[in-house]
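Comments concern the structure below.
The values are calculated or read from the model by the stated rules, or taken from the named source; none is laboratory data. Predicted model only: the values in this text are computed from it and were never measured. For neighbour counting, all protein chains shown are included, and Cβ atoms are generated from backbone atoms with ideal geometry for every residue, glycine included.
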Amino acid sequence: MLASIRNAFIITGTLFASLALCQDSSTSLVTRRLTEYLLPQAVETHEFARVPNSPFVLLSQMSDSKLIKIQLDPLTEQPIAYQAFPMGASDKSGLHGVWPSTMYPGKMWLTLQNDNKLLLVDPGTHLSTPPTILKTIDIPTPGNGPHCVFEIGNRVWAGLKLASEQTGQYYVFSADITNSTNYNLYECLNSPVFIKEEPVSKFIYVTQDTDSSIMRINVTTGATKQLPIPPSVGNTPVGMITGHGALEGVWFSLAGNATGGAGSFGRIDSKGHMHFFHLQNPQLGGNAGLLHIADASTTAQGPALWLLSTSLLSTHSPDALIRVSFNDDVTAVASEEYISMLTQNAMVHRVVPMDNTVLVSELHTYTLAQLQYNNTVAGRWLPAETVTETLVYEKAS
């Protein structure tokens, strides 16, 4: 009996030692996962934004004027359920812009493009709770058709996408949030989309896609100036963000045209000077139509951007999410990581970084996609370590 027990200990010990050896030599798999989540069928799945300090994302579907409230898993940030709510006077109201308020934490700005209104809403604390309208701002004549909406300081801003019925011109709208009778209409080109503030000069910059120019607004004097995009660089500025720290300034993306994009994006510094950047991989980025842009910076890896290439303007441009990092003085692109979207010709529309993942809306396929990394982070995926395919193969061999 004692021998049997002794032998059992020896066998068990050997087994444990073998298991320990296997564990010591094993390596956790590094994964990069892209998942698509189907939303209610609609022709135009447009803007979306996270409701701060909540498990919800709000997304607009313009074709039937529905607001989709999406619940996220608190740990994985994966979409797990949604509820649709009609917004506006009818299904033709044209729900479009979505943006979180900082003056009213937890509340969200919406635009009704065809009703010519801005709404401040309380999304509600439960998935099934309908949004409550807290404030309505009617766009004054001759303004027409609010597109994207933003809150800058104590003012709400909206690019008016449609030509005025009275003048035939286009305008940017700005109003005091607490007193909307204190407003300004700035005449602009066709047609205003994103509106951002340069953090040092405090000038406001507006992308104007059709006429391929960026307008600068001096809010103190009311003076405006056009900054045309050189055709040799690219065309159709759309997405824009305010950069801080190493990315200080205003950054914008160039979406291209019917023949495709040029893989170009730019930066405006505090002195109003424009600086242009180009994706370096000719096979992957040379025809990228960059519709949207978001900050991808981290403390560990430094300044970086997410760029969203779309097939919206041209089927020659891929639907792809691209992460770019920069050299120390942010004067040149240092590395690029390309993530091809699962569904091509999806006309990807907006990119929103979350805490640990990235969400992308697909306009044509009424889908929300999520990018998730395990055991690595964005920018450290092997093919992103170098641009040239030859060097990638050398590193992998």
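When the stretch 308-351 is examined, which residues are found to be of a type in the set (A, V, I, L, M, F, W, C) and within 18 Å of ASN257 (Cα to Cα)?
Matches in the stretch 308-351: LEU308, LEU312, LEU313, ALA320, ALA346, MET347, VAL348.
Conditions: (1) of a type outside the set (Asp, Glu); (2) under 20 Å from LEU312 (Cα atoms); (3) touching a Lys or Arg at 6+ places or on another chain (Cβ under 7 Å). SER60 meets all but one. Number of the miss?
The single condition SER60 does not satisfy is (3).
Any idea how many residues of the stretch 80-98 are assigned to a strand (DSSP E or B), in contact (Cβ under 8 Å) with a residue 12 or more places away in the chain and surrounded by fewer than 20 Cβ atoms within 10 Å (Cβ to Cβ)?
Here the count works out to 6.
Checking TRP306 against (1) of a type outside the set (A, V, I, L, M); (2) more than 17 Å from LEU34 (Cβ to Cβ); (3) surrounded by 22 or more Cβ atoms within 10 Å (Cβ to Cβ), which single condition isn't satisfied?
Failed condition: (2).
If you take the residues of the stretch 116-173 that are on the phi > 0 side of the Ramachandran plot and small (Gly, Ala, Ser), which of them is farthest from the chain's Cα centre (by Cα)?
The qualifying residue farthest from the chain's Cα centre (by Cα) is GLY168.
Considering (1) buried (at least 21 other Cβ atoms within 10 Å of the Cβ); (2) farther than 27 Å from CYS148 by Cβ; (3) modelled with pLDDT of 95 or more, say which one THR331 fails and leave the rest.
The one condition THR331 does not meet is (1).
Inside the stretch 55-79, can you point out the residues that are part of a loop (DSSP other than H, G, I, E, B) and either in contact (Cβ under 8 Å) with a residue 40 or more places away in the chain or of a type in the set (Ser, Thr, Tyr) (or both)?
SER65, THR76, GLU77, GLN78
Scan the stretch 38-54 and report the pairs whose first residue is within 18 Å of VAL351 (Cβ to Cβ) and whose second residue is modelled with pLDDT of 95 or more and of a type in the set (D, E, K, R), with Cβ atoms within less than 8 Å and a gap of 6+ or a chain change.
THR45/GLU362; HIS46/ARG350; GLU47/ARG350; PHE48/ARG350
If ILE339 meets every condition in (1) assigned to a strand (DSSP E or B); (2) out of contact with any Lys or Arg (no Cβ under 8 Å at 6 or more places or on another chain) apart from one, which number is that one?
Failing condition for ILE339: (2).
Please identify the pairs in which a residue from the stretch 324-343 that is among the aromatic types (Phe, Trp, Tyr) has its Cβ atom under 6 Å from the Cβ atom of a residue that is in a loop (DSSP other than H, G, I, E, B), counting only partners at least 6 apart or on another chain.
Taking only residues 6 or more apart or on different chains, the pairs are PHE326/PRO303; TYR338/LEU284.
Determine which member of the set THR221, THR210 is among the β-branched types (Val, Ile, Thr) and under 21 Å from HIS147 (Cβ atoms).
Criteria check complete, one pass: THR210.
Applying the selection to the stretch 348-364, what residues are buried (at least 20 other Cβ atoms within 10 Å of the Cβ) and outside any strand (DSSP E or B)?
Hit for the stretch 348-364 is LEU363, nothing else.
Can you tell me which residue among GLY266, GLY234, GLY272 is outside any strand (DSSP E or B), buried (at least 21 other Cβ atoms within 10 Å of the Cβ) and not basic (Lys, Arg)?
Answer to the selection: GLY234.
Of all residues being part of a strand (DSSP E or B) and free of Cβ contacts under 8 Å to residues at least 40 places away in the same chain in the stretch 176-207, which is farthest from GLY159 (Cα to Cα)? Just the residue, please.
Ranking the qualifying residues of the stretch 176-207, first place goes to ASP176.
Being among the small types (Gly, Ala, Ser) and within 23 Å of LYS161 (Cβ to Cβ) narrows it down to one residue among SER28, SER90, SER54; which is it?
SER90
Does the stretch 154-167 hold any residues that are within 21 Å of THR207 (Cβ to Cβ) and free of Cβ contacts under 8 Å to residues at least 40 places away in the same chain, and which are they?
Hits for the stretch 154-167 are ARG155, LEU160, ALA163, SER164.
Would you pick out the residues in the stretch 250-291 that are of a type in the set (S, T, N, Q), at pLDDT 95 or above and touching a Phe, Trp or Tyr at 6+ places or on another chain (Cβ under 8 Å)?
Correct list: SER253, SER264.
Which pairs turn up if I take residues in the stretch 129-144 that are more than 27 Å from PRO55 (Cα to Cα) and look for partners that are among the small types (Gly, Ala, Ser) and part of a strand (DSSP E or B) with beta carbon separation below 7 Å, at least 6 apart in sequence or on another chain?
Once the first residue is more than 27 Å from PRO55 (Cα to Cα) and sits in the stretch 129-144, its partners that are among the small types (Gly, Ala, Ser) and part of a strand (DSSP E or B) give ILE137/ALA175.
Does the stretch 159-177 include one or more residues that are among the charged types (D, E, K, R) and either touching a Pro at 6+ places or on another chain (Cβ under 8 Å) or under 26 Å from ILE80 (Cα atoms) (or both)?
Checked the stretch 159-177: at least one residue is among the charged types (D, E, K, R) and either touching a Pro at 6+ places or on another chain (Cβ under 8 Å) or under 26 Å from ILE80 (Cα atoms) (or both).
Would you mind stating whether GLU336 is surrounded by 21 or more Cβ atoms within 10 Å (Cβ to Cβ) and under 25 Å from LEU59 (Cα atoms)?
no
Quickly run through the stretch 365-382 and pick out the residues that are buried (at least 18 other Cβ atoms within 10 Å of the Cβ) and either within 20 Å of ILE293 (Cβ to Cβ) or among the β-branched types (Val, Ile, Thr) (or both).
THR365, THR367, LEU368, ALA369, GLN370, LEU371, ALA378, GLY379, listed by residue number.
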